[in-house]
């Protein structure tokens, strides 16, 4: 799959959970939201908290360090403070999950 990298199998990430994967040397948080997979940069821009370890509620993950929240579908901050993180394209083929390039906002 051109431009996409295999990162996980579907059964490795149960619904409501996340896994950190490395894509092009960067830590990416891969989330399973009710069977749909989304990928964002794993580092909170506030103070570097690991977003994959945060609480996922629907499509919003809260940083475990200071509760800043981000929409895992597009990386946009939901707190109105102007923070955002990169989001990445995800494709699922059969049981394989692939992450591609960074999405443009």
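The values are calculated or read from the model by the stated rules, or taken from the named source; none is laboratory data. Treat the numbers as computed from the prediction; the structure is a model and nothing was measured. Ideal geometry is used to build each Cβ from the backbone, glycine not excepted, and the neighbour counts take in all protein chains shown.
Here are some notes:
- Residue tally, condition farther than 19 Å from residue 12 by Cα and surrounded by 16 or more Cβ atoms within 10 Å (Cβ to Cβ), over region 62-72: 6
- When region 1-45 is limited to residues that are touching a helix residue (DSSP H, G or I) at 6+ places or on another chain (Cβ under 7 Å) and crowded, with 20+ Cβ neighbours inside 10 Å, the one that is nearest to residue 72 (Cα to Cα) turns out to be 40.
- One residue from 58, 101, 86, 48 being modelled with pLDDT under 95 and surrounded by fewer than 19 Cβ atoms within 10 Å (Cβ to Cβ): 101
- Listing of strands (runs of 3 or more DSSP E) fully contained in region 1-82 that carry 2 or more residues being more than 14 Å from the chain's Cα centre (by Cα) and more than 25 Å from residue 94 (Cα to Cα): none
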